[in-house]
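In what follows, a single structure is set out as structure tokens and then discussed.
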Amino acid sequence: MDYSLKGQKLVNMRILVTGGAGVIGSNLVKMIPGEITVIDNLSSSTIDPIKELIDSEKIKFIKGDILDFELLRKITKGIDLIIHLAANADVRYYPEKNTYDDFKVNTIGTYNIMESMRLNDVKNIIFSSSSSVYGYADKIPTPENYGPLIPESLYAGSKLGAEGIITSFAKIFNFRAYIFRFANIVAPNYRTIGRNVIPDLILKLLKDPRKLEILGNGLQNKSYLYVDDCIDGMIYLSNKSLKDVDIFNLGNEDSITVNEIAKIIIEEMNLKNVKLYYTGGERGWIGDVPKTILDINKALSFGWKPKLNSKEAVRKSAKEIIKNLKQNYS
């Protein structure tokens, strides 16, 4: 696809991707053109997904942290566009978790990026936010103008804080900023920590194909978006938006339950008579929102539409992860 941003082709742009070795980032740098620099501290990923691109010098890789302000200030010089994907990947809360991590990485890290943009006159940013900022929404599907936003998790609160930092900087210093609130993004790869439901269930079944533990009651109902559709939506809508600061939901119009996902995975692994066990309760974990379906009419009105629905996205991701993992378990 011939990607552009406000009339300038990405192939002619210098682009910094934070978190570029992660699930979305590693797929994004394979899809988009441009002079790409990736910064990632590899805390929840490995270099493997992008190693070939680094070795062939198609991208430049910097192992570093967005909390390192001086490093960010240095590497943002001369950049035309920042695609900010870096975040604390361990989204769940559990008693032993440090409550500072989400705020530190997601909010302070985002401030560091915006201040580096200000100092180096970088004019464009695309940011990966989350549907979790809506909390327990009274309106489902949930549109971008829903409010008040009352996040249920530390992760969601830190993402909402990051949105505020980005929009305020953009308004004061005349940046273009495009914020995307994602549904659950699924892909052929997954994080080493904070993995989502698909690799979680697959890894459990590889360990014991006779039984499967499902967090919560299995009735959690959410929409899922395949990573390629997510990337295409971010770039396409940033270019098509009529505003310099804009927010879009990115997801699917349909949804699927965890029980349905488990059934798909069991089918794809060719397993029979798997006993399902549930930890109980409507939430999968503390801070989880059991029903999340985004209203994507705004994105659709600009001509974007996902190629795969939720069920198709889940099945495609499951097939790819199973194939990759079975090679390690054979």
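Assorted remarks:
- Under a 5 Å amide H cut-off, with hydrogens placed 1.01 Å from N, GLN8 pairs with nothing among residues at least 5 apart or on other chains.
- Near TYR278, the amide H atoms lying under 5 Å from its own belong to ILE214; only residues 5 or more places off or on other chains count, and H is placed 1.01 Å from N.
- Annotation note: trypsin sites (Lys or Arg not before Pro) in region 93-151 located in DSSP loop regions with a Cβ neighbour count of at most 12 within 10 Å are LYS139.
- With Cα atoms defining each centre, region 88-127 and region 205-230 are spaced 27 Å apart in the structure.
- Rolling a 1.4 Å probe over the protein heavy atoms gives region 145-231 an accessible area of 39 Å² per residue.
- A simple spin-label model places pseudo-atoms 7 Å from Cα toward Cβ; at ARG73 and TYR94 they are separated by 3.8 nm.
- Accessible surface, region 277-330, averaged per residue in Å² (probe 1.4 Å): 57 Å²
- Fraction of accessible area attributable to carbon and sulfur, the chain (%, probe 1.4 Å): 50 percent
- Close amide H pairs (under 5 Å, H built 1.01 Å from N) link ARG176 with ASN124, ILE125, residues at least 5 positions away or on another chain.
- Split the chain at each of the GluC sites (Glu not before Pro) in a DSSP loop with at most 10 other beta carbon atoms within 10 Å, and the longest piece is 97-330.
- Of the trypsin sites (Lys or Arg not before Pro) found in region 145-221, those in coil by DSSP whose Cβ has at most 14 other Cβ atoms within 10 Å are ARG210.
- Semi-axes of the equivalent ellipsoid for the chain, Cα gyration tensor, largest first, Å: 32, 22, 19
- Kirkwood-Stokes translational diffusion coefficient of region 1-82, alpha-carbon pairs, 10 °C, 1.306 mPa s, µm²/s: 123 µm²/s
- Among PRO49, PRO209, PRO151, residue whose mean-square fluctuation peaks in a GNM of the chain (springs only between Cα atoms under 10 Å): PRO209
- The loop-placed trypsin sites (Lys or Arg not before Pro) in region 223-316, going by DSSP, that have at most 12 neighbouring Cβ atoms within 10 Å of their Cβ come out as LYS243, LYS272, LYS307.
The values are calculated or read from the model by the stated rules, or taken from the named source; none is laboratory data. Computed from a predicted structure; not experimentally measured. Neighbour counts run over all protein chains shown; Cβ positions are idealised from the backbone, glycine included. Heavy atoms of the whole protein, side chains included, go into the accessibility calculation; ligands, DNA and RNA do not. Shrake-Rupley method; radii C 1.70, N 1.55, O 1.52, S 1.80 Å.
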